[in-house]
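Only one structure is covered here, and it is reproduced in the block below.
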Amino acid sequence: MGAHSMNRDEMKGKAEKAKGYIKEETGELLDDPELEAEGRAERTAGKLREGFGKAKKKVGEALQDAADAIEE
């Protein structure tokens, strides 16, 4: 797993954000406040999940760095 690869949480978060954005825009175009709100909520959930994935990756990298330092 390279430093720039995304974990599952990051990828799912990005997908949720994209899906939410599309729903939000569609809701706006169709004047459907319910769909718009649903899209906004999905986008927020996606951002949180993506952030969680990034945090998890940072912890993993920090642990790897610590393990490398111990081995040296």
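Between Phe52 and Thr26, the contour length at 0.36 nm per residue exceeds the alpha carbon distance by 6.6 nm. By how many degrees, between 0 and 90 and to the nearest 10, does the Cα long axis of helix 8-29 differ from the longest principal axis of the chain? Roughly 20 degrees, rounded to the nearest 10. Projecting the Cα atoms of Gly20, Asn7, Ala41 onto the charge dipole of the chain (Cβ charges, centred on the Cα centre) puts Asn7 farthest toward the positive pole.
Normalised per residue, the accessible area of the chain is 75 Å², obtained with a 1.4 Å probe and no contribution from ligands, DNA or RNA. Three principal axis extents describe the C-alpha atoms of the chain; from largest down they are 62, 15, 11 Å. Count the net charge of all other residues whose Cβ sits under 14 Å from the Cβ of Asn7, scoring Lys and Arg as +1 and Asp and Glu as -1. Here the charged neighbours net out to +4. Subtracting the Cα-Cα distance of Arg40 and Ala62 from their residue separation scaled by 0.36 nm leaves 4.6 nm.
Return one number: the angle in degrees, 0 to 90 and rounded to the nearest 10, between the long axis of the Cα atoms of helix 33-71 and the longest principal axis of the Cα atoms of the chain. Between the helix axis and the principal axis of the chain, the angle is about 0 degrees.
The values are calculated or read from the model by the stated rules, or taken from the named source; none is laboratory data. Since this is a predicted model, take the numbers as computed values, not measurements. Using ideal geometry, Cβ is built from the backbone for each residue, glycine included, and neighbour counts are taken over all protein chains shown. Ligands, DNA and RNA are excluded from the accessible area calculation, which covers all protein heavy atoms including side chains. Shrake-Rupley method; radii C 1.70, N 1.55, O 1.52, S 1.80 Å.
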